[in-house]
Each structure stands twice: as C-alpha cells, then as structure tokens.
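Everything below concerns the one structure shown next.
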Amino acid sequence: KMAAAAGAAAAAGLWSEVNRCGQNGDFARALKSVNKILQINKDDVTALQCKVVCLIQNGNFKEALGVINTHTKVLTSDVIAFEKAYCEYRLNRIESALKTIQSASQQTDKLKELYGQVLYRLERYDDCLAAYRDLIRNSQDEYEEERKTNLSAVVAAQSTWEKVVPEDLGLREATYELCYNSACALIGQGKLNEAMKKLQKAEELCRQSLSEDSDVTEEDIEAELAIIHGQMAYIMQLQGRTEDALQLYNQIIKLKPTDVGLLAVIANNIITINKDQNVFDSKKKVKLTNAEGVEHKLSKKQLQAIEFNKALLAMYTNQADQCRKLSASLQSQSPEHLLPVLIQAAQLCREKQHAKAVGLLQDFADQHPANAAEIKLTMAQLKIAQGSVTKACMILRSIEELQHKPGMVSALVTMYSHEEDIDSAIEVFTQAIQWYQQYQARTNHGCCVFQPKSPVHLSLIREAANYKLKHGRKKEAISDLEELWKQNPKDVHTLAQLISAYSLVDPEKAKVLSKHLPSSDTMSLKVDVDALENSHGATYVRKKAGKLTGDNQQKEQGQGEVKKKKKKKKGKLPKNYDPKVTPDPERWLPMRERSYYRGRKKGKKKDQVGKGTQGSATTGSSELDASRTASSPPTSPRPGSGAAVSAASNVIPPRHQKPAGAPATKKKQQQKKKKGAKGGW
C-alpha cells in the first residue's frame, strides 16, 4: 500500500510537471515526464495522448503515428482520430488522412478544419469550398480570418486550374494574403492588368503588416514578398515582357527562399523563357525543380508542366534517350494527354525519322479518337514539311468535325490550288455547303417554310461561286449564284455575276435576267464626276471629244488649259555623232548582217602578245600581217593614231566610230557596255 501511495504521489508530481511544461511550450521536457508516467502505467490513455501531442509539437510525426498504431486497443479512433489524421497529413499520406477523418464517429471542428485542408491537397475544390463555407457559417472564434484566406485560396485554385469563373464571396481584402489570392483568381480569368494592381496592393499591405514588428528585418520582409514578386514576374511573362520577368525571377532566386515549391516554379518559368537558347542556364535551373519535397508543394498540373519542360530541354540538348524516357513516363501517367506523344514525334523529326513520327501520331489518333483532330493537324503539318501536299490534304479531310469550318475549307482550297487540283478544291466547297444544308434541315425538323441561310453558309456559297468563275467553271458557278440571288434578290452584284455567267452559256437566259437589273435612273448616284477624275490617285482621264459645240466646248477647252502636256523626251545621240556625215542606213542591223562586214580577224590577239620584257612592244607582227594590204577593207582607227581614214567611199558609220586617241582598254570596256544595246538617235 505504501508503494502504491508513493507511486501515486510520484505520478501526481509528474503530471504537474507535464502541465507546467505544456503551458510553457517546452514539449521536450514534457515528453520526458510523460514517459516516466507510462513506466508506472503503460496503458494510461491520457499519458499516451499526451505523448502523441508532444511528439507532434516536436515535429516527430512518424514516431507519433507509430505510438498510435502500437496502442490501437487503448487509443481508439474516437479518442485519437484528429491526431492520427494530422500525422498522416503531415507525412503526405493524404488518402489515408481522408479515410481516418471519414471513419471518425464524431466530426469535431478540428476534424472539419483538417478535412478542408485534405480536400484542398487532393484538388477536390468543389467539396473543399463547401467545407470551408460550412466552417465559416458555424464558427465564431479568432481563426475566422484564416478560414476566409483558405476559402479565397480554393476559389483562386478553381479559377487557375479548372477555369471556373469565381463567384464574388464578398470577402474584404484587408490582409495581403486575401489580396494575393484575389490576384491569382484574376490571373486565371486572364485579367492580367487588374491582377497586377492587386499584387501591388498585397505588397503594400505586407510591408505595412511586417514593419510593425520591430524584430522583423528587411531581409525577412523581402523573403515574405518573394511569392508576391514571383506572381508579378509571371504576369510580366504572360504580357510578353520577358526581360523584366527574367530580371525579377533571378532577384528572387538570389534571396534563396526556403519554399522549395516557389523556387521550382520560378526555375521552370525561366526555362520556358530560355526555350532552346541559353541551354546551360536551363540545365542549372532544372536542378531546382528536383529538390526534395517539391512534389508535395505543387499541384498536379504544375508538376506535369515541369516534367514536360524537362523532356523538351532534353530534346533541345540532344539527349535523345533521356527525352524518350521522360516522354514515355509522362505518357504512361496520362495516356490521353497530347504533349508526350507530340514531344516523341518532335524528337523523331530531329532524327530525320519523319515516317516513324507520322506512324506514331497515327497510332495515337486511332487509340484516342477524342484527341484525333489535333494529332491529325500535326500529321498534316509534317506532310507539308516533306512536300507531300496531297497527302496532307487527305489527312485534313479525314477530320470530320472540322471539314465544314471556314478555316479548314480555306486551307484545303489553297493547298489544292497550289497543286492545280481544281476539281478537289471544288469538291471541298461542295461538301462544306452540303454539311450546312443538312444541319439546317436538322434544326428545322423537316419544316417546309423558307428559312434564311446562316452567314457562314452564304459566305461559303459565294466563295465557291467566285472560285468557279475564276477557274472558268461558269456552268458550275451558276447554281451557286442562283442560290445567292434567291436569298437576296436585291443583291445587284450577284445578279451581275449571274448574267455574266449565263451570257456564255445561255444568252437568252442572260437577257431575261438583265430585265431585273435596276434602271440607270435608280442607280444614279450624286457624284461629281469632274471632281472624281481630278482627285488624287485617279487613273482615268477623259479624252477630248472630236467636235464640241457651245458651252460644252468652252468647258472642255478650259479643262484642256488646266491639264499639263507631257514633254516628249529627246532621244540621246552618240557621243561621236557628226551632223555633216550621213548616218549609216544599216546601223540598225546586227554587224554580221551588214554589207561591209568581212568577218572577225583570226590570230589578232596572238600577234599582239609581247615577247620581250614587261611593257615592251612588238612591232614586227604588224609588218608581216598579209591582211594589212591596200586591198583590205578599211577598219576602225587604231588606238593612238592621229587621223581617221578619209576616203569617202569607205566612211565608217558614226555609231561605230571611236574618239581618236582612246586607249585599248577603254575600247574593250565600251564594247562590253554596248553589248546587246538597242536604240538610235
């Protein structure tokens, strides 16, 4: 009995110690006292609960969960449900934490708070929003501001990742956290300028809030502002201000923030700015995305985007095996996602394996018909790059959901026209027009009342008619033009086209239709013809009539005086033109066809080659030349000679005379310049 009494007294003293340490926040000493109590009674429920709490406060979540799992008989789910779920949440066992919370018999306020956090981590934003709304409505304590902040974070996540237009919750943005979350929601809606203003307000509120604490340094404030600045840089990047964004990103990295999630996002954004440039910097930055714990800080879409960029970086750095490995891993995680297969196809194209790339894309399109359209567009692009335009057209025409779209019709017609396949181009128009006719029939439910066609339908018919007229398909264009005129009988332009087409096919029909043209009186416009003709840019000038009488004659004469006559330019004469010499009547004929042409002298250049030292002249060759006799026809004056031939019967035409004393090099240059020239004087 005395021993039992002594034990009870010792336990009471230990409990007092535990209570005092708990109030002081010294959970390490409290844990020692609790362990001593458990030595006295190992199944003491209160002591076990205190031990779990002490371990949680010290950050030993794994050990705390071990204690709970070891004493399941004593620590039932009703007793320790919150602590167990919290340990699982902090150990990133989110699914287990959710099961623990849902299995608890009583949903306390603490469990509801944790339930909201768990739903947020699982990205079940609708359920999370409902949970926080219920908490705010049914709670009144000092944590109301934190709950509103969490609620605004859920709304921002919905706007960013699910593209849901956020509803106005009526939250007063009195704190920088609320302001920041509001800015994130605006970014998700694409309202970048408004989001930037919200972030600037959040920065101002953050500085004011932290500067009130004397213990907070400027470095602490900058560290807290890092996430706000990171979001500002992201907006700059979206706006195309990449240099400003890059500068702000690098400033944040220099601060070395402790948030690994923030660093990973910033590093990823820098990599996207670098693209295939500055690869060395990107390879350094990608290490920040591999930090421990990043996967628990970011959303699934953020992590997926980082993995995509890693694969692209591997492709840009010619790491083909690494690129294939990463893209294959991404495809196994998200089999229906487009990007992994597109990255693999791009890598194959870099390796000049275009056929294999097209085959890979075709297999994906067959397996995932929902995403086939985008894949087939890529396949068509690859075919065009290879020069197989016809095959590209076949692929595009296989995309049934896009066949009737004006953009697709325009692309196909352009490509077929490039290949001079007019029949296929007209067939594309016909199929698109038929689709709209069938669609109109479905929407009218078989109603026989006349229904106007849609603007897109009419536009396609008009383009088809114009295309057929352009390529001489008058008969085929007539039906389209009649359909257009039927839709709008007052359309004079369409009627004129229709009459023009019928004039070549059925003139009688053209005459009948021409009666529908409005009279000249009704078509007359109040236009000042004279002012129009004299306006800047007018290309037509009315010619003077042969005979004018009365006022019209005076008016036309007045207009004639105003107009300036163009001066006729005088023809250029040859430099050596001599008006006293009669021009050669054969000057317009080629030299070979002239009566005095005697053929080119052979061996002239060979005779002129000097055989002495450089600069010396050879005189003997000209004396021995038999062609230089008195009976030979006269030639052009020799360079350097002081006189020309004076015989009247042998006058050389002025067009072929050269100034006396001109050097030989000048003669060659002038011959080159005048080669093939035409004209006279």
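The values are calculated or read from the model by the stated rules, or taken from the named source; none is laboratory data. Quantities reported herein were computed from a predicted structural model and do not represent experimental measurements. Here Cβ is always computed from backbone atoms with ideal geometry, including for glycine, and neighbour counts include all displayed protein chains. Just so you know, the surface numbers come from the protein's heavy atoms only, side chains and all, with ligands and any DNA or RNA stripped out. Shrake-Rupley method; radii C 1.70, N 1.55, O 1.52, S 1.80 Å.
Worth a mention:
- Taking segment 354-407 and the helices (runs of 4 or more DSSP H) fully enclosed by it, the elements with 2 or more residues that are among the β-branched types (Val, Ile, Thr), open to solvent by less than 80 Å² (accessible area, probe 1.4 Å) and touching a residue at least 12 places away in the same chain (Cβ under 8 Å) are at 372-385, 389-397.
Here is a yes/no grid of residues against (1) within 60 Å of the chain's Cα centre (by Cα); (2) under 28 Å from Gln117 (Cβ atoms); (3) without any contact (Cβ under 8 Å) to a residue 12 or more places away in the chain:
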site	(1), (2), (3)
Arg20	no, no, yes
Arg29	no, no, no
Lys36	no, no, no
Asp43	no, no, no
Cys54	yes, yes, no
Ala64	yes, yes, no
Thr72	yes, yes, yes
Glu88	yes, yes, no
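- The set of residues in segment 311-324 being within 27 Å of the chain's Cα centre (by Cα) and either surrounded by fewer than 20 Cβ atoms within 10 Å (Cβ to Cβ) or among the β-branched types (Val, Ile, Thr) (or both) consists of Tyr316, Thr317, Asn318, Gln319, Ala320, Gln322, Arg324.
- Test: residue in segment 411-420 that is more than 25 Å from the chain's Cα centre (by Cα) and buried (at least 16 other Cβ atoms within 10 Å of the Cβ): yes
Every residue, every condition in (1) of a type in the set (A, V, I, L, M); (2) farther than 25 Å from Glu351 by Cβ, yes or no:
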{"position": "Ala370", "(1), (2)": "yes, yes"}
{"position": "Leu377", "(1), (2)": "yes, no"}
{"position": "Leu382", "(1), (2)": "yes, no"}
{"position": "Gln386", "(1), (2)": "no, no"}
{"position": "Gly407", "(1), (2)": "no, yes"}
{"position": "Val413", "(1), (2)": "yes, yes"}
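- Considering only residues in segment 284-307 that are part of a helix (DSSP H, G or I) and among the polar types (S, T, N, Q), the one that is surrounded by the most Cβ atoms within 10 Å (Cβ to Cβ) turns out to be Thr289.
- Glu420 vs. criteria part of a loop (DSSP other than H, G, I, E, B), modelled with pLDDT of 80 or more and of a type outside the set (Val, Ile, Thr): yes
- Test: residue in segment 150-172 that is touching a Phe, Trp or Tyr at 6+ places or on another chain (Cβ under 8 Å), under 20 Å from Lys197 (Cα atoms), part of a helix (DSSP H, G or I) and touching a residue at least 40 places away in the same chain (Cβ under 8 Å): yes
- Boolean, Cys54 is under 29 Å from Ile101 (Cβ atoms) and touching a Phe, Trp or Tyr at 6+ places or on another chain (Cβ under 8 Å): yes
- Given (1) part of a helix (DSSP H, G or I); (2) surrounded by fewer than 18 Cβ atoms within 10 Å (Cβ to Cβ); (3) modelled with pLDDT under 80, index of the condition Ser459 fails: (3)
- Among residues of segment 75-114, those that are open to solvent by less than 60 Å² (accessible area, probe 1.4 Å) and closer than 27 Å to Pro166 by Cα, counted: 5
- Residue in segment 312-319 that is more than 28 Å from Gly240 (Cα to Cα) and hydrophobic (A, V, I, L, M, F, W, C) present: no
- Sole residue being without any contact (Cβ under 8 Å) to a residue 12 or more places away in the chain and not basic (Lys, Arg), chosen from His471, His493: His493
- Residue within segment 180-190 that is at pLDDT 90 or above, in contact with a helix residue (DSSP H, G or I) (Cβ under 9 Å, 6 or more places away or on another chain), in a helix (DSSP H, G or I) and surrounded by fewer than 18 Cβ atoms within 10 Å (Cβ to Cβ) present: yes
- Exactly one residue out of Val52, Val34 is surrounded by 18 or more Cβ atoms within 10 Å (Cβ to Cβ) and under 30 Å from Leu298 (Cα atoms): that is Val52.
- Residues of segment 202-251 that turn out to be of a type in the set (Gly, Ala, Ser) and open to solvent by 40 Å² or more (accessible area, probe 1.4 Å), as a count: 5
- Close contacts from segment 107-128, counting a first residue that is in the same structural domain as Phe82 (by the TED database) and farther than 25 Å from Gln140 by Cβ and a second that is open to solvent by 60 Å² or more (accessible area, probe 1.4 Å) and β-branched (Val, Ile, Thr), with Cβ to Cβ under 7 Å and a gap of 6+ residues or different chains, come to none at all.
- Test for Ile270: is it more than 30 Å from Arg124 (Cβ to Cβ), in contact with a Phe, Trp or Tyr (Cβ under 7 Å, 6 or more places away or on another chain) and open to solvent by less than 60 Å² (accessible area, probe 1.4 Å): yes
- From the options Val216, Val165, residue that is at pLDDT below 90, within 28 Å of the chain's Cα centre (by Cα) and aliphatic (A, V, I, L, M): Val165
- Selection within segment 484-504 - out of contact with any helix residue (DSSP H, G or I) (no Cβ under 6 Å at 6 or more places or on another chain) and within 26 Å of Ser424 (Cβ to Cβ): Ser500
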